[in-house]
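The values are calculated or read from the model by the stated rules, or taken from the named source; none is laboratory data. Source: prediction; values computed, not measured. Heads up, the Cβs are rebuilt from the backbone with ideal geometry, glycines too, and the neighbour counts pull from every protein chain shown.
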């Protein structure tokens with residue numbers, strides 16, 4: 001079964017804070033030869049019959065991309081992606097440091113919390129909670 005792949009990226013003139021965060025973190029990993037990083041999203045659409053590029057373009061234009069700030073490209077992919085190419089299982093992709101469901105959300109998890117660390121910020125006595 002063929003699938004249609006829609007790649008959505010911010011337009012070049014739009015700032016990409018998530019991409020800037022990744023680019024800023026690369027030197028800590030010993031990578032110093034990357035000039036910039038742009039982050040987008042990939043959407044796979046499987047049709048029940050033959051892939052309909054016109055319908056996929058309509059879906060992308062009306063639902064998947066914001067045409068004011070994003071561009072998209074569409075292509076047909078004949079073979080399914082290998083299992084290893086899919087998002088990491090679990091809530092956080094530890095290598096990229098981002099949520100695989102919401103790739104624009106940066107997630108930082110400490111290796112371990114001290115045993116006495118409260119999970120909810122303590123409210124000073126006498127002050128109402130928010």
What residue, among those in the stretch 30-51 that are in contact (Cβ under 8 Å) with a residue 24 or more places away in the chain and farther than 11 Å from residue 6 by Cβ, is surrounded by the fewest Cβ atoms within 10 Å (Cβ to Cβ)?
50
Got a sec? Which of 74, 45 is touching a helix residue (DSSP H, G or I) at 6+ places or on another chain (Cβ under 7 Å), closer than 23 Å to residue 13 by Cβ, modelled with pLDDT of 50 or more and not in a loop (DSSP other than H, G, I, E, B)?
74
Out of all the residues in the stretch 1-42, which are in contact with a helix residue (DSSP H, G or I) (Cβ under 7 Å, 6 or more places away or on another chain) and assigned to a strand (DSSP E or B)?
4, 6, 8
If a residue must be under 25 Å from residue 57 (Cβ atoms) and without any contact (Cβ under 8 Å) to a residue 40 or more places away in the chain, how many such residues does the stretch 7-29 contain?
3
